[in-house]
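Engineer: Sharing a structure here in structure tokens format.
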Amino acid sequence: MPLNTKHLPTESGALIDAHLLHTIGVDPAQASHSDLMLAVSQMARTQLSERWVETQAVERQNKARRVVYLSMEFLMGRTLSNALGALELTEEAARGVKQHAQQLEDIADHEPDAALGNGGLGRLAACFLDSMATLGLPSWGYGIRYEYGMFAQHIAGGSQQEYPDPWLLDGTPWEFPRADITYPVRFGGWVEHVDGQAFWRNSGEVAAKAYDMVVPGHGTQKVSTLRLWKAVAPAHFDLGAFNTGDYHRAASAKNEFENISWVLYPNDSTPAGRELRLKQEYFFVAASMQDLIKRHLDEHPSLVNLAEHVAIHLNDTHPAIGVAELMRILCDEHDMPWADAWKLCCATFSYTNHTLMPEALETWPVSLMQHVLPRHLEIIFRINKEFLEFAAAKRPGDDQFLARLSLIGEQGERRVRMAHLSIVGSHKVNGVSALHSDLLVETIFADFAALWPERFTNMTNGVTPRRWLAQANPGLAGLLDQTLGKGWRLDLDQLQQLKAKKADATFQQSFMAVKRANKVRLAKLIEHTTGIVVSPDSLFDVQVKRIHEYKRQLLNVLHVVWRYQAILAEPHAHWVPRTVIFAGKAASSYVSAKSIIHLIHDVGNIINRDPRIGDKLKVVFIPNYGVSVAEVIMPGADLSEQISTAGTEASGTGNMKLALNGALTIGTDDGANIEIRQNVGDDNIFIFGLKTPEVKALRHSGYQPMRYYEKLPALKSVLDAIAGGGFSPDEPGRYRPLVDSLLWGGDHYMLLADFEAYIGAQAKVDALYRKPAQWCEHAIANVAGMGVFSSDRTIGEYARQIWHVAPVSRR
Ligand code: 26V
């Protein structure tokens, strides 16, 4: 009988079976998809573990200078496929699972996402860890091991419903609990001053326990560590000490401690100054600082050279209390003189700002900080006093200047301004795109830039090509491998060479075949999650991101309704069939964002069922957007919607993922769109609408949205249809408030001012899409121009210009 090679045991097959039997505890012949996923994960985990031990040994021996990346959010997504890719085990693992008559992709789908973040800021942190590991930088990410990550989004009757995300319910194969690494974190109480020495007499305490995730580098044995902290009742808290009658009360008292790491806070339109959130921030910062100081003192006799051996980065202001915490540790616990400690502190910290929205800038009521962190408040007051003395000397008598700079806002309830603390306590402050960094020094941080111009810099965001191209788009990755070799994974600038191929008919055919297959895959996801059947031959027009008024999903809807009306008016015109695809979550308390989700569904319901429309237009909303959903959407997009009001989107990173996967961008002159345009070329992108200075000028001259309504009949007809219940016959007034906010509420994000230009740009999109070879040429030019948006480039810049860290040589 001929040997059936498909069922020959492979080395990985044997390993997987051994893990099924010994680690998972199931009969290999009976293994479910989940069992297989866990067994393959264990196979990767053993190697990650070895790499982690080796990396740590080398860094310890070299007393390496390390970067510590403090972030409340790490939106990691799934780990298995990325780990297999980094370990170069993908093919092995695929062969192994084949012996169980399974496909690796189907197995990998059983891993839940680690969704420990809200959106752009959290995903950027995850891309950065990948690049830090890949560049071999001695690096640690620190965050919170939330029991519940980003809420799961369900849609019921067109409305968003939030459900908890118990991602740890069945355990995760990817964490390494460090039972011996635990630190106390104190809260509350008061401060005593004895002989000039401060003693913090805290009233509460919780323990922080370390759980590590190993982040593998690609093309290197080096790894980075993501250390996440879980809050547990302090060791001396003993449930048994309560008598049986009080057991219930004891258990709930224990929860008082442990709730600190229970749930990720949503990125609301206006951040609520909640005590638990402040405790979360201090909790993970205090634990991380103790950990890095312990590591330093294991390698060095004292803290005087701390700044030479560690660079601490603040991912937004959420960990800014770290500045006061380091001062407290140095002065109160290590008796360092204040001035020396302050110098060291500023040399150690750096800070990235991720938003210009004034309402998103974090502040804490002084009274709350007094209650939760009394010693830190004193320290902040002293930092502020010395800072304001310094500033006063620069502009004597300018009290307004000082009031604007102060770390304490005095309008209404006194509040600590965390961005000010971050700037004052750091040696470098950066924005996340060229425009954003310019606007920072021109607007919200102008007074600080006047004091310290050299402190402000730009680090344009990037995304990891391993996850967002190699893993998400194996079809395109394979084509690139054939065409350029495999080196682009670690040197994304190599994509430039595609320019020479963009008009090559054979290459175009392969490129289009890849896109088509990705669209089929995306169409399947759409049908599976929404029940709506869409044609992969239609133009896939994609807007995926958090739902926020400034991102203007509503402007996209206005175009959809315009198109619907235009098709009905001219049914025989040559319409390019379109599928307009939305995805994204709205913060649970953000009423207008939720209303926009509902509107998208209502509009879709009418259009998708209208027999006069057929395939000419479809509108879908893919529920529960997250990293894994994005990995299917990005490769299948033709058109990338990046239509924020100019001057509002700090950078965007979805814009990069989409263009890298061959989508053309329709967008405003905002955030990183501007740099995408510079890199792919003006002819390969559809830029429209007001530019930032024009937005500003129009605002100052008295913007009147009603004028556009009166002037543009097509716009009037669209708004009338929405406001009049044309898409919500069951509740005709449902969208009156949304339309009123445009017509009567000042249209803060200037949708009406950009409407006409947007429709014009969409017409250009149609015109190009009618010529497939030309469209393809432009799409290839996009991929070719995106090399600079690798997060490896971004992290290289941080490493050289801000952190001054480099890989350590071998042992
Ligand atoms: C604010 C808050 C406030 C209350 C509690 C939780 C929370 C969480 C996050 C935020 C701010 C989010 C800022 C953010 O995600 N910014 C995005 O950062 C991306 C990476 O730099 C950038 O590409 C996006 O343009 C920017 O919106």
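Engineer: Farthest toward the dipole's positive end in the chain, which of ILE676, VAL805, LEU554, given Cβ charges of +1 (Lys, Arg) and -1 (Asp, Glu) about the Cα centre?
Structural biologist: Most positive-ward Cα: ILE676.
Engineer: So, one more: With both bridge residues required to lie in the chain, what share of the DSSP beta bridges run antiparallel, to the nearest 5%?
Structural biologist: In the chain, DSSP labels about 45 percent of beta bridges as antiparallel.
Engineer: Still on this structure: For the residue pair VAL191 and LEU169, what label-to-label distance in nm results when each label sits 7 Å from Cα along the Cα-to-beta-carbon direction?
Structural biologist: Spacing of the two 7 Å Cα→Cβ label points: 4.5 nm.
Engineer: Still on this structure, please answer the following. For the chain, go through all pairs of different Cα atoms, get the mean of 1/r, take its inverse, and jot down that Kirkwood value in Å.
Structural biologist: One decimal place: 28.2 Å for the Kirkwood radius.
Engineer: Expressed as a whole number of Å, what is the distance separating the alpha-carbon centroids of region 382-439 and region 712-757?
Structural biologist: Centre-to-centre distance over Cα atoms comes out at 40 Å.
Engineer: Cα extents of region 512-668 along the three principal axes, largest first, in whole Å?
Structural biologist: That gives 42, 36, 29 Å along the principal axes, largest extent first.
Engineer: Another question about this same structure. ALA29 to GLU91: FRET efficiency via 1/(1 + (r/R0)^6), r the Cβ-Cβ distance, R0 25 Å, to the nearest 0.05?
Structural biologist: 0.55
Engineer: Taking the Cβ of each residue in THR692, THR352, THR529 as the centre, tally the other Cβ atoms inside 10 Å and list the residues starting with the fewest.
Structural biologist: The order, fewest Cβ neighbours first, is THR529, THR692, THR352.
Engineer: In nm, to one decimal, how far is the modelled label at SER589 from the one at THR483, with both set 7 Å along Cα→Cβ?
Structural biologist: My value for the distance between the label points is 4.9 nm.
Engineer: For ALA500 and LEU402, compute 0.36 nm times the residue count separating them, minus their Cα-Cα distance, and round to one decimal in nm.
Structural biologist: Here the answer is 29.6 nm.
Engineer: Turning to a different aspect of this structure: Tell me, in nm to one decimal, what length is gained between HIS110 and HIS748 on full extension, where the rule is 0.36 nm per residue of separation less the Cα-Cα distance?
Structural biologist: So the chain would gain 225.4 nm between HIS110 and HIS748.
Engineer: OK, next. Count charges around LEU124 for me, please; just the other residues with Cβ under 12 Å from its Cβ, Lys/Arg as +1, Asp/Glu as -1.
Structural biologist: -1
Engineer: If each residue of separation counts as 0.36 nm, what is the full-extension length gain between ARG516 and LEU21 once their alpha-carbon separation is subtracted?
Structural biologist: Fully extending the segment from ARG516 to LEU21 adds 174.1 nm.
Engineer: What ranking of LEU169, LEU407 emerges when the number of other C-beta atoms within 10 Å of each C-beta is taken as an exposure proxy, fewest first?
Structural biologist: The fewest-first ordering by Cβ neighbours comes to LEU169, LEU407.
Engineer: Between GLU308 and THR220, what's the calculated FRET efficiency when r is the beta-carbon distance and R0 is 25 Å? Round to 0.05.
Structural biologist: Efficiency at R0 = 25 Å is approximately 0.50.
Engineer: How much net charge surrounds SER741 when only other residues with a Cβ under 13 Å from its Cβ are counted (Lys, Arg +1; Asp, Glu -1)?
Structural biologist: Neighbour charge sum, excluding SER741 itself: -1.
Engineer: Using a Förster radius of 60 Å, what is the FRET efficiency between ALA393 and GLN61 based on their Cβ-Cβ separation? Nearest 0.05, please.
Structural biologist: 0.80
Engineer: Using the Cα centre of the chain as the reference point, and only Cβ charges (+1 on K/R, -1 on D/E), how large is the resulting charge dipole? Debye, rounded to the nearest 20.
Structural biologist: In total the dipole reaches around 1120 debye.
Engineer: Further question on the same structure: Quickly work out the GLN801-to-LYS343 label distance, labels modelled 7 Å from Cα along the C-beta direction, and quote it in nm with one decimal.
Structural biologist: With each label placed 7 Å out from Cα toward Cβ, I get 2.7 nm.
Engineer: Using the Cβ atoms and a cut-off under 12 Å, what net charge is assigned to the surroundings of ALA672, where Lys and Arg are +1 and Asp and Glu are -1?
Structural biologist: Overall, the nearby charge balance is -2.
Engineer: Then there's this: Using Cβ counts within 10 Å as a stand-in for footprinting exposure, how do ARG609, ARG95, ARG467, ARG736 rank, fewest first?
Structural biologist: Least to most surrounded, the residues fall as ARG609, ARG736, ARG95, ARG467.
Engineer: Rank by packing, highest mean first: peptides 447-454, 180-187, with packing defined as the count of other Cβ atoms within 10 Å averaged across residues.
Structural biologist: Taking the mean over residues of other Cβ atoms within 10 Å, the ranking is 180-187, 447-454.
Bear in mind these aren't lab numbers, they're just calculated from the coordinates by the rules spelled out. Please read all numbers here as calculations on a predicted model, not as lab measurements. Glycine also receives a Cβ, built like all others from the backbone with ideal geometry; neighbour counts cover every protein chain displayed.
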